[in-house]
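Here the structure is laid out as structure tokens; the discussion comes afterwards.
The values are calculated or read from the model by the stated rules, or taken from the named source; none is laboratory data. For clarity, every value in this text was computed on a predicted model and none was experimentally measured. All Cβ positions, even for glycine, are placed from backbone atoms using ideal geometry, and neighbour counts span all protein chains on display.
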């Protein structure tokens, strides 16, 4: 059974009343214990646990947070479905926006607007210090503007550029527009040398989203009432990529992370990926005998040159399931503490994710000075027009449909027919998954 | 059986050679994933990205310099010693429970006549058609209500009864001659004595099969342990392997090192069980 359908079936089973709504007014969180389900492992896991210990030791309400690794994102999603159906969710859980939406189909989450804006416990003037794209990503139009999560960190999609390969063919700067990108791909491709322009990683739907927003489009209606996948911008993006593949200057990468492999081996000029993959790219390049001597990151190309490129946001948020007012408030107080500049900077040092607050910049100056690529990514972030993929319930299935349509088009399928079919399929998935 | 004149011991015919070649190719194909796993476990992180050829003849298949330290890192980073111990305890308890409960139930279904036995057996078999995902939530609710969440009982008790194992053993017990049991009854043996003294010793081969399958199933289980545990206390080795999947990409060298560590007991159990199968059949009291 597909995981998403399993989740919907489980959540729609008869449920005991397990949580209370309502604000934090008059609530005392003293001595409350909060279970926090997360996906962090290794160094990130150790760093998160240390920060949790710091909170537990320093907060004046004697709130105790218990950080618990619960597997990768999809396992947490599965486990949450079971926990919600059984009436025993954790007090705090990591969730992508569409996963949170699925939980909310069954009214399982707290609307964090109540806490964010509360005069006593809210963010107050600090709200203005958050990057707007970050703080607004969890406000879900499908649920009437409820804030179903809060960002603990973020990353963005960038273009990894093999400057050594580009310079060998006389190109000295990364392309800023799709037209320049196409020309650079063609010049960087050589059958003799075995090089090519662009690695289409796994036909990831997030990259398709980047293509569309860079052309002024979107995947969803602003009112949260459905998807917009059969648009002029989507058609233009598909035509463009199909053209590159047909020319032989772009290659489909069937195996996940093989685009990093090709980049590390110096045979591809451009890949797209998250800034959280910087260390993996660095590893790939340093371990290869043929790795590029010079490589940089740059904004994803746009339709026309702009100082504010449209950039895809990555990163899961944390959500607070409905439990008791005390537990909900205690969980929120931890989330609020975690979002403070000092903690954000500390987490950035551990995880290499971006902090969600501008005021954290002086505290990560050492990271920015030590790593020019991380610094470049931070600069892109500060000027970018940040966009986020649809936070709708069932979007994970729509992503699969987008990948399948993309693949069909690259294999020669008719674009208009394929996109019409994709739109119909997305509409059905939206209706089936909606509250 | 007389050896045919056209064949003599030691001579390989063309047909035999073809079969041998085919089997050798098949064996290599089956071994290749394990070889890839072992080879990847000895690479650096960068090499797992840039040197990941699937062909053994390609230098990119092999590490430039074996990183034996990956095994130590996998063992300590993911707390493999704790998970390994947990997996062993869970698997051994499950095996003991499955073989005990299944053999008793199978003997009853095969050799004891009681009202409704056929209907009951059919009901047991019908549970084989229910996917695990359907019973996940009700099972979880029962476990939490019993207070077994994040405990060893929650990880083992639900698997102590196995419809498949009962079916497997029941088919074997049904083949035991009733005369054997009747003669034991004449000597004063009841069902318990007959079960312990006759049926069990004769059923070593299927019992080892049931034990091995129960061991492998328990050892490889991931979804249920993840759902019913929230702390490291009783998490098995399969959960430990997931800790190497980070958000930016998998640490494949550690995942493969962990996988090699995880698969060794299963391979060992297979070879132990295989030997016992052969001995059990050789010592069988059933003669032609």
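Out of curiosity, is residue B:17 away from chain A (no Cβ under 14 Å) and farther than 30 Å from residue B:241 by Cβ?
Yes, satisfied.
Go through region B:236-246 and report how many residues are in contact (Cβ under 8 Å) with a residue 24 or more places away in the chain and at the interface with chain A (Cβ under 9 Å from one of its Cβ atoms).
3
If residue A:332 satisfies all but one of (1) within 30 Å of residue A:60 (Cβ to Cβ); (2) in contact (Cβ under 8 Å) with a residue 40 or more places away in the chain; (3) within 22 Å of the chain's Cα centre (by Cα); (4) surrounded by fewer than 21 Cβ atoms within 10 Å (Cβ to Cβ), what's the number of the condition it fails?
(4)
Can you give me the ranges of the helices (runs of 4 or more DSSP H) entirely in region A:38-112 with at least 1 residues that are under 27 Å from residue A:348 (Cα atoms), touching a strand residue (DSSP E or B) at 6+ places or on another chain (Cβ under 8 Å) and facing chain B (nearest Cβ under 9 Å)?
A:42-58, A:73-86
Looking only at residues that are under 30 Å from residue B:200 (Cβ atoms), touching a residue at least 60 places away in the same chain (Cβ under 8 Å) and crowded, with 16+ Cβ neighbours inside 10 Å in region B:109-138, which one is nearest to the other protein chains (Cβ to nearest Cβ)?
It comes out as B:109.
Looking only at region B:98-108, count every residue that is closer than 20 Å to residue B:217 by Cβ and surrounded by 19 or more Cβ atoms within 10 Å (Cβ to Cβ) and tell me the total.
Residues that pass the stated criteria total 6.
Scanning for something out of contact with any helix residue (DSSP H, G or I) (no Cβ under 8 Å at 6 or more places or on another chain) and either surrounded by fewer than 22 Cβ atoms within 10 Å (Cβ to Cβ) or within 14 Å of another protein chain (Cβ to nearest Cβ) (or both), does region B:212-229 turn up at least one residue?
no
Could you pull out the residue among B:106, B:96, B:72, B:27 that is touching a residue at least 40 places away in the same chain (Cβ under 8 Å) and within 29 Å of residue B:216 (Cβ to Cβ)?
Step by step, each of B:106, B:96, B:72, B:27 is checked, and only B:106 is touching a residue at least 40 places away in the same chain (Cβ under 8 Å) and within 29 Å of residue B:216 (Cβ to Cβ).
Kindly indicate whether any position in region B:142-150 is surrounded by fewer than 16 Cβ atoms within 10 Å (Cβ to Cβ) and farther than 22 Å from residue A:86 by Cβ.
no
Pick out the one residue from A:302, A:326 that is in the same structural domain as residue A:34 (by TED's automatic domain parsing), touching a residue at least 60 places away in the same chain (Cβ under 8 Å) and surrounded by fewer than 24 Cβ atoms within 10 Å (Cβ to Cβ).
A:326
Take the residues of region A:405-431 that are out of contact with any helix residue (DSSP H, G or I) (no Cβ under 8 Å at 6 or more places or on another chain) and assigned to a helix (DSSP H, G or I): which is farthest from residue A:250 (Cα to Cα)?
Step by step, filter region A:405-431, then rank; the result is A:431.
Just one of B:42, B:92, B:57 is surrounded by fewer than 18 Cβ atoms within 10 Å (Cβ to Cβ) and not in a helix (DSSP H, G or I); which is it?
Answer to the selection: B:57.
If the requirement is being more than 24 Å from residue A:58 (Cα to Cα), within 22 Å of the chain's Cα centre (by Cα) and modelled with pLDDT of 95 or more, which of these qualifies: A:426, A:434?
A:426
Is one or more of the residues making up region B:169-192 within 20 Å of residue B:218 (Cα to Cα), surrounded by 18 or more Cβ atoms within 10 Å (Cβ to Cβ) and either free of Cβ contacts under 8 Å to residues at least 24 places away in the same chain or within 14 Å of chain A (Cβ to nearest Cβ) (or both)?
No, region B:169-192 contains no residue that is within 20 Å of residue B:218 (Cα to Cα), surrounded by 18 or more Cβ atoms within 10 Å (Cβ to Cβ) and either free of Cβ contacts under 8 Å to residues at least 24 places away in the same chain or within 14 Å of chain A (Cβ to nearest Cβ) (or both).
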